[in-house]
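Structure first, then comments.
Just so it is clear, none of the values below were taken in a lab; they were calculated from the coordinates. Note that the structure is a prediction, hence the values are computed from the model and not measured. Here the Cβ is made from the backbone with ideal geometry for all residues, glycine too, and neighbour counts use every protein chain on show.
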Amino acid sequence: MLLQNIVKITFHGNTRRSLLRCSLFCLLLAGCTSQPETDKKLISTFPGTIAKIVDNDEGLLHGISLGMPVEEVKKKSLPGDSLSSASDNYLFYEAMLDSLAEYTYECEFDEKGLRALTLMIYRKGETQADALFADFKNYFTKKYGQPEDMGFGYIWNAPAGKRPARITLKDESTEYLYGVISVSFYDSAFEARPTAKDSLSL
């Protein structure tokens, strides 16, 4: 009887230790294989349409940054984004926000990866897009600092990433007769290149 009790105690003790080791191993494995959480701290403070479009604070849009290759940009598309046109150096996505609102974005590539991204938001149920325009302006300002006021819109500098970017925000509602906003992300080096006239004057 005493021997049986000793065997039971030994068995249960070994089982508990094995289960504990197994649990610790599973936790360690899960920690190593799980993907890091996407940063959404800033965009989460902007509820509504802009949060559905931007999605997260990483990169410029959806986690996309200038310099990314085509396949990496494709991986950053949201579940509702539909790829309607694609080639070796070009991607065009469309997405519905609701029955009266949608957005598109086109990506242009060169030998260094993504060189420009143009986002267009259409709000056909509104004659203006003032509220959404203000949200984008406030979001970019909090993320990148005070913009340049160009009269027709605003420009920010985004120096981080493989290719530093310039961001242009414009309200184009008057041209379309309904709410339209355009956001352009492009390589800041493009503006630094001298024009033919500038080169002649040097």
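The fewest-to-most ranking of Met96, Met120 by surrounding Cβ atoms within 10 Å reads Met96, Met120. Legend: ranking of residues Glu94, Glu71 from fewest to most surrounding C-beta atoms inside 10 Å; resulting order Glu71, Glu94.
Just check the range 43-192 against the gyration tensor rule for me: Cα atoms, a ≥ b ≥ c as the square roots of the eigenvalues, rounded for a/c under 1.5, and otherwise prolate or oblate depending on whether a/b exceeds b/c.
Oblate, because a/c is 1.5 or more while a/b does not exceed b/c.
Each of Ile167, Ile50 was scored by other Cβ atoms within 10 Å of its Cβ. Arranged with the fewest first, they read Ile50, Ile167. Close amide H partners of Asp39, meaning residues 5 or more places away or on another chain with modelled amide H under 5 Å apart, are Asp57, Glu58. Length gained on full extension, Phe190 to Ala131, computed as 0.36 nm times the residue gap minus the Cα-Cα distance: 18.2 nm.
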